Amino acid sequence: MLYYGNIEEIENDIERVDAYMAEYLHDTSRNPMLNAVLETIIATKGKKVRPLLLLLAGRFGPQWPGSRDRLCKMGACIEMIHMASLIHDDIVDDAPMRRGRETVQSRFGKDMAVYAGDYVMSRILYYLFREATPETGMLLAKTVESMCYGEMCQLTCNFNTETTKSDYLNNIYGKTASLFIATCRIGAAESGCGVQSVEVFSEIGKHIGYLFQLRDDLLNFVSNVKREGKPVFTDFLNGTYTLPILHTLSHPQHGSRLKEMLQTVGLGGSSTFELEEIRKLIIQCQGIEFTRSMMKAHAADARELLATLPRKQAARGIYAVLDYLEGE
Ligand code: FPP
Ligand code: MG
């Protein structure tokens with residue numbers, strides 16, 4: 001769990017989000033195989049950044065009896081959307097591990113993982129129809145559409161050294177920022193914030209979403225496997241050229257050198273030495289620095305927007321999330 005500044009009762013609410021997720025993913029068929037799949041999904045718990053942000057944004061409105069509980073239910077649905085998307089993403093990436101654990105596709109096979117992701121989505125649909133307002137349901141439907149669109153556009157850029165930074169930013173807006181926008185927006189709207197504050201929260205969500213994905217992409221070059229539970233270099237080996245690579249490709253002197261090197265990677269022949277050479281070139285061309293500066297800019301924009309909202313204790317929690325993400 002992330003540090004969130006000890007905001008009153010948030011921990012209780014996060015526990016309630018967990019309880020709703022367990023309820024929503026409960027296997028009603030008692031099929032041992034399905035049960036094992038669902039247990040794997042539930043056990044692969046993440047940091048729950050999205051429910052946390054939703055709950056924190058939800059402290060900004062006047063609230064009413066029952067609104068806290070609804071926020072927990074919406075937090076569970078949003079985290080489940082994220083979980084379903086990762087189950088499918090791991091199939092596409094052929095990823096053996098996530099968060100230090102075996103992925104659903106590696107443990108149960110790709111076919112089962114496709115159905116498992118769909119199964120989670122079907123549960124989300126059911127509980128959104130049962131619990132959410134039509135506005136929240138429609139927003140989340142549109143968000144999943146954006147996520148799919150972002151992933152499809154990213155796929156069309158695969159192994160393409162002509163991909164622009166603007167293509168990349170559009171892709172991460174769809175695949176990641178859109179769900180953060182919905183998260184913050186729903187938190188604010190469901191707690192009764194005014195229209196203006198809801199819009200401000202949407203913008204905050206957008207900046208946090210960009211920051212989150214830029215950080216994730218940077219960690220693919222600089223992380224250690226132990227901390228994040230993910231291997232390094234997988235993005236560009238899979239043909240996903242993220243900002244450190246794109247910035248280096250646009251370098252007037254060394255861009256063409258990286259292009260040549262990536263062609264060898266594309267052919268599947270890359271030694272540890274070559275990967276190290278690529279990393280060195282990225283560092284030399286400020287690919288890492290440039291990505292960090294962009295992360296800082298998004299964190300600063302989010303903080304500035306937060307400062308325009310009425311002062312609430314929960315703001316401390318959002319600042320803590322920003323500090324965590326910005327600090328890698
Ligand atoms: C991880 O990104 C993946 C996403 C942020 C979104 C994936 C979205 C979909 C598969 C479409 C939506 C599908 C459903 C079922 C809602 P990454 O690959 O950059 O991060 P990683 O390093 O954690 O794999
Ligand atoms: Mg992935």
Checklist entry - Before we move on, is ALA95 within 15 Å of ligand 1 (Cβ to nearest atom), closer than 24 Å to ASN238 by Cα and either basic (Lys, Arg) or not in a helix (DSSP H, G or I) (or both)? => result yes
Checklist entry - Quick check: anything in region 202-210 of a type outside the set (A, V, I, L, M), in contact (Cβ under 8 Å) with a residue 24 or more places away in the chain and assigned to a loop (DSSP other than H, G, I, E, B)? => result no
Checklist entry - Do we have GLY229 as modelled with pLDDT under 95, surrounded by fewer than 21 Cβ atoms within 10 Å (Cβ to Cβ), within 16 Å of the chain's Cα centre (by Cα) and within 16 Å of ligand 2 (Cβ to nearest atom) here? => result yes
Checklist entry - Residues LEU71, LEU54, LEU86: which one is at pLDDT 95 or above, within 17 Å of the chain's Cα centre (by Cα), closer than 29 Å to ILE318 by Cα and away from ligand 1 (no atom under 12 Å from the Cβ)? => result LEU54
Checklist outcome for this item: Picking from GLU135, GLU79, GLU131, the residue that is more than 14 Å from ligand 1 (Cβ to nearest atom) and within 21 Å of SER178 (Cα to Cα) would be GLU135
Checklist entry - What helices (runs of 4 or more DSSP H) completely inside region 238-323 contain at least 2 residues that are modelled with pLDDT under 95 and over 16 Å from ASP217 (Cβ atoms)? => result 255-266, 272-284
Next on the checklist: Tell me which helices (runs of 4 or more DSSP H) are completely within region 100-194 and hold 1 or more residues being within 16 Å of ligand 2 (Cβ to nearest atom), aromatic (Phe, Trp, Tyr) and in contact (Cβ under 8 Å) with a residue 60 or more places away in the chain, or say none if there are none.
Outcome noted: 165-172
Checklist entry - Any idea which residue in region 238-289 is nearest to PRO96 (Cα to Cα), counting only those that are crowded, with 18+ Cβ neighbours inside 10 Å and within 16 Å of ligand 1 (Cβ to nearest atom)? => result THR240
Next on the checklist: Here are the criteria: (1) more than 16 Å from the chain's Cα centre (by Cα); (2) away from ligand 1 (no atom under 16 Å from the Cβ); (3) of a type in the set (Ser, Thr, Tyr). Tell me which single one SER202 does not satisfy.
Outcome noted: (1)
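The values are calculated or read from the model by the stated rules, or taken from the named source; none is laboratory data. The model shown is predicted, which means the values in this text are computed figures rather than measured ones. With ideal geometry, Cβ positions are generated from the backbone for all residues, glycine too; neighbour counts draw on all protein chains shown.
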